[in-house]
There are 2 protein chains.
Amino acid sequence: MATPFPPLQNDLLLRALRGEAVKRPPVWLMRQAGRYLPDYIKLREQHSFWERCEKPELVAEITKMPVDQIGTDAAILFSDILVTGRALGFNITLNEGEGPRVLNPVRSPDDVARLAVPNVHDSLGYVLAGIERTRHALGGKVPLIGFAGAPWTLLCYLVEGRGTPNFYVAKEFCFRHPEAAHRLLDILTQTTIAYLEAQVAAGAQALQVFDSWAGLLGFTDFQHFSLPYLQEIARAIRPKAPLILFAKGVWHSLDRLAETGCAVGLDWTVSATRARYLVGNNRVTLQGNLDPARLLSPPEEVVRRTKKMVGNFGTQRYIANLGHGILPNTPVENVKLFVQTVKEFAAS
Amino acid sequence: MATPFPPLQNDLLLRALRGEAVKRPPVWLMRQAGRYLPDYIKLREQHSFWERCEKPELVAEITKMPVDQIGTDAAILFSDILVTGRALGFNITLNEGEGPRVLNPVRSPDDVARLAVPNVHDSLGYVLAGIERTRHALGGKVPLIGFAGAPWTLLCYLVEGRGTPNFYVAKEFCFRHPEAAHRLLDILTQTTIAYLEAQVAAGAQALQVFDSWAGLLGFTDFQHFSLPYLQEIARAIRPKAPLILFAKGVWHSLDRLAETGCAVGLDWTVSATRARYLVGNNRVTLQGNLDPARLLSPPEEVVRRTKKMVGNFGTQRYIANLGHGILPNTPVENVKLFVQTVKEFAAS
């Protein structure tokens, strides 16, 4: 029988996600595990990216780093949204400085017809083992967040074959072959649901879905190619674990995201006042939204903007975070200041 | 004495910009001169990018192409927003497939201290000569739109040194050195005002300012680093010619843009209903906003979406356009269909 996980000591994130009263908002940062951390950069020299994702002991070590070194109120699993693509049989490289490359991208409806929902316990077992290992390594200090890429964002990479500013190849595919696109989105959705369920079974205590490229779609196209799949994931997963939907650039549909009952992640273009208004005040928990580039400001400015952010969102039904992933060249001291400022907010 | 320009035959664009009644909305496309047009691609083989911008006969020929071949209701000058940077002494290359490169970008506040507002008649005389030549070449068929880059977007390129997805180097510069950034923005604003005034004197009949990267700024940062400069340009230029402000991604400040009294260009994330609501219904003329990637759809879909767009915006105080520049690989037939569908809208 498996060893039970240590009891949770800091439940601020889970309380905020359930809408319960908290003495101060929890704080974590998207992409907090990796990139800017000197200890991570050292590991990068010894292990390839996929090796870092595949070895449970490395996953646990990297995931734990920001909890110990920065003091965040949650750990987010060190992994990548493109593991879902790998599970579907795509050959994906992730070399430093180059970004992801899909060596066998979708180029025709026939390429989609060949795909099927994989058994995630086989194809993503390495992530699940990493989750279990990490839960033990964390020792109950903070909760562990699992995650997955949203179907639309995964489609962007799997069709375009790499990161580009506008993903026009992927959009053209969807606009020319809507049936094949919806078939691909459906396969990605079923895979993601199974994957997230398995993450919860393995030990993830909360989940986030990243729809990083949702904002590239027009208002109507978002309702067709992204939202229904996010809704389907939310319906399946919410009964099992608290879920945060982060759809970057989707200011126009925050109300629809809030209607799923999930917490809603915000990018930095949305002011707190407007976000609260759009989702119906304190009906849902909001997460965000400092511009990651603002952590490149002088320290006093980081403090000032962080205080203002928490002041504007309020301390309840709120999770302090950035509006997108932390930048690789962010000074560690500024990340610490960000976290410390949120923690001290109640006293200020 | 200069030869007077031929009288204008199609004043739909100017009427729509003045808020006068029109029998149907005018239609043109951002970046309509170039890229996707076979005759332009031929010229590209014989003349470098800057040569095409510098020789008045080439400027006139390229600017006129979409008017004759696609049937747009306006010509927009063939040029580039980065001519303003060149006028300030930046060495900028624009090679096919590589995007712009600034060989001597701003790297420190000292680099800004060395800059001064140039005499635009000297440094941008080639554009002004191109405008005059084009007005004659157009023969009064449609009005000629002049344009310039917005100060914020120009700063992005001049500091970052090239196009990137997020312009983090430029943002970091602004956040670390706000005084130098504002000094640079002020120089760019004064240069832009003088440049746009000179364009009107040379024959431009309407103007557009492109703030392509405004949406990278958070709500508050946009109010600091972009909006005041757009407002200053609007105050100076509006008494001289109709002006369209296109700030991509700035859904959150459409009301502030509308308050300048300028026409407001929209990207494709904003629905017509929401845009009309945000700017106070028919108080200002709106322009946009089909997703350029939607012109990669099958022809019947191009027609359907174009009809829907005009139907949603209405025929008055509206200029049909894309939500950003046309893509290089757009089929010419689809561009023609887009224009034709707008023209036939009243009859449908």
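The values are calculated or read from the model by the stated rules, or taken from the named source; none is laboratory data. What you see is a predicted model; the values in this text were computed from it and never measured. Every residue, glycine as well, gets a Cβ built from its backbone with ideal geometry; the counts of neighbours run over all protein chains shown. These accessible areas exclude ligands, DNA and RNA; they are computed on the full protein's heavy atoms, side chains included. Shrake-Rupley method; radii C 1.70, N 1.55, O 1.52, S 1.80 Å.
For segment A:1-76, the pair-distance distribution built from all alpha carbon pairs, in bins 10 Å wide starting at 0, is 17, 40, 30, 13, 1 percent. Projecting the Cα atoms of B:ILE233, B:ALA275, B:THR3 onto the dipole axis of chain B, where Lys and Arg carry +1 and Asp and Glu carry -1 at the beta carbon, places B:ALA275 farthest toward the positive end.
Please report the antiparallel percentage of the DSSP beta bridges confined to chain A, to the nearest 5. The answer is about 20 percent antiparallel. When the Gaussian network model of chain B links Cα atoms closer than 10 Å, the mean-square fluctuations of B:LEU230, B:LEU103, B:LEU144 top out at B:LEU103.
What does the charge dipole of segment A:1-131 about its Cα centre add up to, to the nearest 20 debye, if the Cβ of each Lys and Arg holds +1 and the Cβ of each Asp and Glu holds -1?
On the way: 15 positive and 16 negative charges, 69 e Å.
Taking the Cα centre of segment A:1-131 as origin, the dipole is about 320 debye.
If you sort B:GLU61, A:GLU54 by accessible surface, 1.4 Å probe, largest first, the order is B:GLU61, A:GLU54.
Evaluate the relative contact order of segment B:189-314 (contact order divided by residue number), counting alpha-carbon pairs under 8 angstrom at least 6 apart; express in whole percent. Display every interim value, and only then the final one.
Details: 144 pairs, mean separation 26.4, N = 126.
Once divided by the residue count of segment B:189-314, the mean separation gives 21 percent.
Here is the P(r) of segment A:1-152: all C-alpha pair distances, binned every 10 Å from 0, give 10, 35, 33, 17, 5, 0 in whole percents.
With a threshold of 19 Å on the Cα-Cα distance, the over-threshold entries among B:LYS307/B:LYS343; A:LYS141/A:LYS343; B:LYS23/B:LYS240; A:LYS23/A:LYS343 are B:LYS23/B:LYS240. B:TRP50 label point (Cα plus 7 Å toward Cβ) to equivalent points in the other copies: 4.5 nm, shortest first. The listed residues B:TYR277, B:TYR168 rank as B:TYR277, B:TYR168 when sorted by accessible area, largest first, using a 1.4 Å probe. In this label model, B:ARG283 and A:GLU96 are separated by 5.4 nm, measuring between points 7 Å along each Cα→Cβ vector. Of the residues A:HIS47, A:HIS121, A:HIS324, which exhibits the maximal mean-square fluctuation in a Gaussian network model of chain A defined by a 10 Å Cα contact cut-off? Judging by the Gaussian network model, the answer is A:HIS47. Segment A:109-131 and segment B:248-311 have their alpha-carbon centroids 40 Å apart.
For segment A:296-348, what is the Kirkwood estimate of the hydrodynamic radius, computed as the reciprocal of the mean inverse distance between distinct Cα atoms, to one decimal in Å?
The answer is 11.5 Å.
Oblate is the label for segment B:94-144. Its Cα gyration tensor axes, ordered a ≥ b ≥ c, give a/c of at least 1.5 and b/c at or above a/b.
Mean shadow of chain B, computed from the convex hull of its alpha carbons, in nm²? Walk me through the intermediate numbers first.
On the way: hull surface 64.6 nm².
One quarter of the hull surface, i.e. the mean projection, equals 16.1 nm².
Sparse packing (at most 16 other Cβ atoms within 10 Å of the Cβ) combined with a DSSP loop state is found for the following trypsin sites (Lys or Arg not before Pro) in segment B:1-52: B:LYS23, B:ARG35.
If R0 is taken as 22 Å, the Cβ-Cβ distance between A:GLU300 and A:LYS23 corresponds to a FRET efficiency of 0.25.
Accessible surface buried at the B:A interface totals approximately 3000 Å², computed with a 1.4 Å probe on protein heavy atoms. Beta bridges per DSSP, both residues in the protein assembly as shown: antiparallel share near 20 percent. Mind telling me which of B:ALA198, B:ALA320, B:ALA150 comes out most flexible in a GNM of chain B, alpha-carbon contacts under 10 Å? Its mean-square fluctuation being the largest, the pick is B:ALA198. Here the spin labels are modelled as points 7 Å beyond Cα on the Cα-Cβ line, and at A:ASP111 and B:VAL332 they lie 2.9 nm apart.
Of all accessible surface on segment A:109-166 at a 1.4 Å probe, what whole percent is carbon and sulfur?
Working: 930 of 2000 Å².
Carbon and sulfur together cover 47 percent of it.
A 1.4 Å probe, protein heavy atoms only, puts the accessible area of A:PHE49 near 30 Å². With N counted as the residues of segment A:234-348, its alpha-carbon radius of gyration over 2.2 N^0.38 Å works out to 1.08. Quarter the surface of the alpha carbon convex hull of segment A:137-289 and you get the mean projected area, 9.6 square nanometres. Sorting A:ASP186, B:ASP68, A:ASP110 by accessible area puts them as A:ASP110, B:ASP68, A:ASP186; the probe is 1.4 Å, largest comes first, and only protein heavy atoms count. Note on segment A:241-348: with charges restricted to the Cβ of Lys and Arg (+1) and Asp and Glu (-1), its dipole about the Cα centre is near 200 debye.
With label points set 7 Å from Cα along Cα→Cβ, the inter-copy distances at A:LYS240 are 6.4 nm, sorted shortest first. In summary, the aspartates and glutamates within cross-link reach of A:LYS42, defined as a Cα separation below 15 angstrom excluding same-chain residues under 8 places away, comprise A:GLU51, A:GLU61, A:GLU96. Using a 7 Å projection from Cα along Cα-to-Cβ, the label point at A:ASN329 is separated from the same position in the remaining copies by 3.1 nm, smallest value first. Taking a ≥ b ≥ c as the square roots of the eigenvalues of the Cα gyration tensor, an a/c ratio of 1.5 or more together with a/b no larger than b/c marks segment A:160-199 as oblate.
Could you work out the helix-only [θ] at 222 nm for the protein assembly as shown, with each DSSP H run of four or more residues adding -39,500 (n - 2.57) and the total divided by the number of residues, to the nearest 500 deg cm²/dmol?
Values: 34 runs with 334 residues, N = 696.
It lands at -14000 deg cm²/dmol.
Look at the dipole of segment A:210-348 built from charges on Cβ: of A:PRO328, A:ALA293, A:THR306, the Cα furthest out on the positive end belongs to A:THR306.
To the nearest µm²/s, what D does Stokes-Einstein give for the protein assembly as shown at 4 °C and 1.567 mPa s, using the Kirkwood radius over alpha carbon pairs as Rh?
Details: Rh = 26.5 Å.
This corresponds to a translational diffusion coefficient of 49 µm²/s.
Backbone amide hydrogens, once placed in the peptide plane, bring B:GLN287 within less than 5 Å of B:VAL264, B:GLY265, B:LEU266, B:ILE319, excluding anything fewer than 5 places away on its chain. On the rotation that sends chain B to chain A, the chain B Cβ lying closest to the axis gives residue and distance in whole Å as B:PRO165, 2. By the Cα gyration tensor, segment B:194-268 has an equivalent ellipsoid whose semi-axes, rounded to whole angstrom, run 22, 12, 11 from largest to smallest. Name the shape class, rounded, prolate or oblate, that the alpha-carbon gyration tensor gives for segment B:95-217, where a ≥ b ≥ c are the square roots of its eigenvalues, rounded holds for a/c under 1.5, and otherwise prolate holds if a/b is larger than b/c and oblate otherwise. Prolate. For segment B:222-232, backbone phi angles converted through the Karplus equation (6.51, -1.76, 1.60; θ = phi - 60°) give residue-by-residue couplings of 4, 5, 8, 9, 10, 3, x, 6, 5, 5, 5 Hz, Gly and Pro being listed as x.
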